[in-house]
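To start, the structure under review is shown below, and the notes come after it.
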Amino acid sequence: CGFVDTGFDVPFEENWTSGTLTLNKWTVGSNWSVTGQVGNEAPSVKYEGGKSPAGYSSELTSWHFNSMGYDDCPMGYGSGLSYNIKLSDITFSGTEELIVELLAGNDVFELKRYKNEGSFDWLQEDFDITLKILDNDFQVRFRTEGVNSSDINAWYVDNISVYTYYTDNWYMEIQAVRQGNPENDIRV
């Protein structure tokens, strides 16, 4: 007998209603916490600024997700990542960042980079991650870094969703060439 800890299956949703980072096995760096005061709807996870007057970096990383077994041939199904994000800014310096990354195999894929160029209310972001995860187990990472975290109040992340989709609207490039003598045949 033994215990095997495997990755999460997709679909997966995190809306922080458990009030904890440990239930879904998030790995957290400094200044990350669940806050019941802010969210889309509350609660959400928060990276609190103002605590590091020097250069810093801190990560919020998901547990592993099981491989979806995709190949790189276009098909009518795939996987996506969506989340909500908000910034409460102080100085508009542009030197504080939150980077959203996908870790798959030995690769790190940057999906989006946000800078503190002014506060913004909740944004809904959605990414097709199919060709990045292919046949690998993967993780989602939210990484903050910058020159002086006291330039921001907080980054907030909520409603993280990793999902599969199916569509009849997939496209494949097809080339048709006339051939024969006379050219009345078509080769596809």
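The values are calculated or read from the model by the stated rules, or taken from the named source; none is laboratory data. Only a predicted model underlies this, so the values are computations on that prediction, with no experimental measurement involved. When we count neighbours, we look across all protein chains shown, and the Cβ atoms used for this are built from the backbone with ideal geometry, even at glycine. For accessibility, only protein heavy atoms count, side chains too; no ligands or nucleic acids. Shrake-Rupley method; radii C 1.70, N 1.55, O 1.52, S 1.80 Å.
Overview of results
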quantity	calculated
At R0 = 22 Å, FRET efficiency that the Cβ-Cβ distance of ASN24 and TYR166 yields, to 0.05	0.30
Whole-angstrom Cα spans of the chain along principal axes, big to small	77, 54, 31
Nearest-20 debye value, the chain charge dipole, Cβ charges on Lys, Arg, Asp, Glu	340 debye
Radius, Kirkwood style, for the range 97-139 when every pair of distinct Cα atoms is counted (Å)	11.9 Å
With DNA, RNA and ligands ignored, accessible area of VAL177 (1.4 Å probe; Å², nearest 10)	60 Å²
Whole-Å semi-axes of the ellipsoid equivalent to the range 51-105 (Cα gyration tensor, √5λ, descending)	34, 14, 10
Which of LEU134, LEU87 is most accessible, then next, and so on - probe 1.4 Å	LEU134, LEU87
Rounded D (µm²/s) - the range 93-188, Kirkwood Rh over Cα pairs, Stokes-Einstein at 37 °C, 0.692 mPa s	187 µm²/s
Nearby lysines by direct alpha-carbon distance to LYS86 (threshold 17 angstrom, same-chain neighbours under 8 apart not counted)	LYS46, LYS112, LYS115
Qualifying aspartates and glutamates (Cα of each under 18 Å from Cα of LYS25; at least 8 residues distant if same chain)	ASP5, ASP9, GLU13, GLU14, GLU59, GLU101, ASP137, ASP158
Selection from THR27, SER62, PRO11 lying farthest towards where the dipole of the range 3-75 points positive, charges on Cβ	THR27
